[in-house]
Amino acid sequence: MTGASPGPGRPRSSIAADEAPAPVPSVRLVAGTFAIDDLDAFLADLDDVAAATGAVVQAFDADLVVSATQLREAVRLAARSVARGEAVARDPGVEILLYAAGRRQIDRALELGVSEGDGAAVVLVAEFGDVPGADRPSADLDAAVESVRTLAADPGDEPDGDALPTAFDPDRVREFYGVTDRELAATTGSLADVVRERAALLDVEK
């Protein structure tokens, strides 16, 4: 007995890719204070960590990160997008950034990244070795975390729940994500909940 035809324009392989669940990558976070004198040099250091450990490494401005869940969910959605061949960015780290920012425009999403100066940041390391299409080796996340911690002026404690040791800036968050008074008044959730919905909406709109 044969299965139903996938229909014109949809090869059977694409149906299988849609139905097969993508692996959920392991994620570790380093949240603390970073003294970034030279942004290009700092980003090069993160690239070196990625190359040495196999991890996907992405840094975020802590003022704009509302929770650890926001970043973990961005990783999950980015992995699914990569596995389905639907990723906007070639680099999984940038794809994560897009989902965390809740928008498809890479140049706009990059504003979620770090800048020069002394300030709070959250650096994410993730294992994409098992994600189809990511073309990444297996990662040593322990080594990646330790390497990132050496780059921090004060790395803080590694979060294992939703809360981060760094605090976000509500005004900057609302401006960056375009959260209006009306939107906040209409929801029963918090500002953090509204921000997390941005990533879910980005996935629905693809």
Does V195 satisfy the condition of being under 24 Å from T33 (Cα atoms), out of contact with any strand residue (DSSP E or B) (no Cβ under 8 Å at 6 or more places or on another chain) and surrounded by 17 or more Cβ atoms within 10 Å (Cβ to Cβ)? yes
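Of the residues G133, G93, which is of a type in the set (G, A, S), farther than 16 Å from V173 by Cβ and modelled with pLDDT under 95?
Result: G133 is the single residue among G133, G93 that is of a type in the set (G, A, S), farther than 16 Å from V173 by Cβ and modelled with pLDDT under 95.
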Among (1) under 18 Å from P155 (Cβ atoms); (2) surrounded by fewer than 20 Cβ atoms within 10 Å (Cβ to Cβ), where does A51 come up short? (1)
Check off (1) in contact with a strand residue (DSSP E or B) (Cβ under 6 Å, 6 or more places away or on another chain); (2) within 15 Å of A31 (Cα to Cα); (3) surrounded by 15 or more Cβ atoms within 10 Å (Cβ to Cβ) for A153 and give me the number that stays unchecked. (3)
Pull up the stretch 24-42, narrow it to residues that are hydrophobic (A, V, I, L, M, F, W, C) and under 11 Å from V123 (Cα atoms), then point me to the one that is surrounded by the fewest Cβ atoms within 10 Å (Cβ to Cβ). V27
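Within the stretch 110-206, which helices (runs of 4 or more DSSP H) (wholly inside it) include 2 or more residues that are farther than 13 Å from V66 by Cα? Full working, then the answer.
Working: elements: 141-151, 170-177, 181-186, 191-205.
Passing ranges, in order: 141-151, 181-186, 191-205.
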Does the stretch 72-110 hold any residues that are crowded, with 24+ Cβ neighbours inside 10 Å, closer than 18 Å to L46 by Cβ and not small (G, A, S), and which are they? V75, P92, E95, I96, L97, L98
Looking at (1) at pLDDT below 95; (2) buried (at least 20 other Cβ atoms within 10 Å of the Cβ), which is the one condition that is false for V57? (1)
Six or more apart or on different chains, Cβ atoms under 9 Å: show the pairs whose first residue is in the stretch 150-176 and touching a residue at least 40 places away in the same chain (Cβ under 8 Å) and whose second is loosely packed, with under 12 Cβ neighbours inside 10 Å and part of a loop (DSSP other than H, G, I, E, B). P165/D157
How many residues of the stretch 138-177 are of a type in the set (G, A, S) and farther than 17 Å from D61 by Cα? The answer is 6
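Results for (1) surrounded by fewer than 17 Cβ atoms within 10 Å (Cβ to Cβ); (2) within 16 Å of the chain's Cα centre (by Cα), shown as yes or no for each residue.
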site: V125; (1), (2): no, yes
site: F128; (1), (2): no, yes
site: P132; (1), (2): yes, no
site: P137; (1), (2): yes, no
site: V179; (1), (2): no, no
site: T187; (1), (2): yes, no
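The values are calculated or read from the model by the stated rules, or taken from the named source; none is laboratory data. For clarity, every value in this text was computed on a predicted model and none was experimentally measured. Counting neighbours? That spans all protein chains shown, and the Cβs are built from the backbone with ideal geometry, glycine included.
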